[in-house]
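The values are calculated or read from the model by the stated rules, or taken from the named source; none is laboratory data. No experiment lies behind these values; they were computed from the predicted model shown. Reconstructed Cβ throughout: ideal geometry from the backbone, glycine too, with neighbour counts over all protein chains shown.
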Amino acid sequence: MSEEILTVENLKKYFVTKQGTVRAVDKVSFSVKQGETCGLVGESGSGKTTIAHTLVGIYEPTEGRALFKGQNISKVFNQRPKALKKEIRIVFQDPGSSLNPRRSIKQILELPLKVHRICNDSDRVERVMELLRMVELPPEDYMYKSPQVIGGGEKQMVAIARALAPNPSFLVLDEPTSALDVSVQAKIINLLMQLQQNLNLTYLFITHDLSLMRNITNRVVIMYLGKISEVAPTVEFFQNPFHPYTKMLLSSIPTVSDEEENFKPKEVISRGEIASPVNVPSGCSFHLRCPQKMEICSRADPTVVEVEADHLVRCHLFSDGRKPT
Ligand code: SF4
C-alpha cells in the first residue's frame, strides 16, 4: 500500500469579515497517498478552495497543520522550508486570469525556473521547450505567443506546464476544467492522467463534479460547510454511500449504464440551500436540509467515525461506528 504523502490535521481557516467570522474550513483532517488522485468535492462555499489555497501557502491556517512528507507546511509560501517550495504546485480554475497577458509563454514558463533556480541561463530555453512538449503544445508554435491569442484549453495546458516547471511531486488541481468548453475538458483530463503516470505525480483534485470524480479518483473527500461529511475509496463511495448529504448529491447525477443506475441512491428529497458559512447552523450543519434528521442533530455536532476500512462518515446515524439497521 502507498504511504501517505500529505496529512492534514484538524485544519481551521477562519476569516473575520464585517458580517462576522467566516468558518471557511473547520477542523478538517484527511490524508493523500503517494501516487493517488484524491478528490475533494463540495458545493460552492464548502471550503474546498480554501483548503487548496492553504496547502499551497496562499493562506496560513488559523489552527491545525498540514504535513508534507513529514514536514510542517502550515506556513505561507515565503516562510516554508526551501526544499518544499517547489514540491507542491497549483493549477487554478481560470487559466485566463492566472497567466499574465503582457508576457510571452516563454517568459511565463521561465519565471518559476528562475525563482526555483532549476537550470542555468543556457539550459532554460531547452527546459521551456521540454515543458511545452510535455503538455502537447509544439514549442515553435507557442513559445513567443501571448496567452491572449490562444484558446482556453491551450491556456490551461500552459498553466499545467508552469506548474510542472520546478519538477513538483504534488499538484493541487483547483477545478482545472470547469472554466473550459466541454469540447476541451476531456483533453485536459487525459493530459493530466498521462502526466501523472509519466511523472509519478500525486493529485488533490478539487471539483463539484461527482461524475468526473468517479472516473479519475482513487478516493474522495466530501465537504459540507467547511467540514468533512464522508471519506471513502471511490468505488466503495459510489456503491455504498453513507452520509445523507452524499446520497443527496449522488441521487442527482446522471448515469451512463444500468450498473451505475442500480447503485445510484433512490430519489432523495433535497431541502433548501447550503447555509452561509458566517451563520453555520447549530449541531450538524446539514440538519436543516437532511431528510433523516433526528432530535439530536440540531443540538450536537457529530464526530467523524470509521465505519468500514478507510470509509469515514460524520453523522449521528453512525455515531457508534456501525451502519444503522
Ligand atoms: Fe442528517 Fe443528523 Fe446525520 Fe446530520 S447528523 S446528516 S442531520 S442524520
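Figures for the structure shown
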quantity	calculated
Tally, over the stretch 42-54, of residues that are touching a Phe, Trp or Tyr at 6+ places or on another chain (Cβ under 8 Å) and farther than 14 Å from Ser229 by Cβ	2
Which numbered condition Glu306 misses (of (1) near the ligand (Cβ under 8 Å from one of its atoms); (2) outside any loop (DSSP other than H, G, I, E, B))	(1)
Some residue of the stretch 15-34 being under 19 Å from the mean Cα position of the chain (by Cα) and assigned to a loop (DSSP other than H, G, I, E, B)	yes
Residues satisfying the stated conditions in the stretch 135-150, i.e. assigned to a helix (DSSP H, G or I) and either acidic (Asp, Glu) or crowded, with 18+ Cβ neighbours inside 10 Å (or both)	Pro139, Glu140, Asp141, Tyr142, Pro147
Every residue from the stretch 9-35 that is over 16 Å from Gly226 (Cβ atoms) and either surrounded by fewer than 21 Cβ atoms within 10 Å (Cβ to Cβ) or aromatic (Phe, Trp, Tyr) (or both)	Lys18, Ser31, Lys33, Gln34, Gly35
Close pairs (7 angstrom Cβ cut-off, 6 or more residues apart or separate chains): farther than 23 Å from Ile160 by Cβ in the stretch 203-232, of a type in the set (Asp, Glu) anywhere	Ile222/Glu230; Gly226/Asp26; Lys227/Asp26; Ala232/Asp310
Any hit, the stretch 271-281, residues being modelled with pLDDT of 95 or more and within 12 Å of the ligand (Cβ to nearest atom)	no
Flag if Lys82 is in contact with a His (Cβ under 8 Å, 6 or more places away or on another chain) and either among the hydrophobic types (A, V, I, L, M, F, W, C) or on the phi < 0 side of the Ramachandran plot (or both)	no
Per-region count, the stretch 232-245, residues more than 15 Å from the ligand (Cβ to nearest atom) and either surrounded by 23 or more Cβ atoms within 10 Å (Cβ to Cβ) or assigned to a strand (DSSP E or B) (or both)	3
Criterion violated by Glu154 - all others in (1) free of Cβ contacts under 8 Å to residues at least 40 places away in the same chain; (2) out of contact with any helix residue (DSSP H, G or I) (no Cβ under 8 Å at 6 or more places or on another chain); (3) under 30 Å from His208 (Cβ atoms) satisfied	(2)
Residue check for Gln107: without any contact (Cβ under 8 Å) to a residue 60 or more places away in the chain and within 30 Å of Gln148 (Cα to Cα)	yes
Residue check, Leu171 surrounded by fewer than 21 Cβ atoms within 10 Å (Cβ to Cβ) and aliphatic (A, V, I, L, M)	no
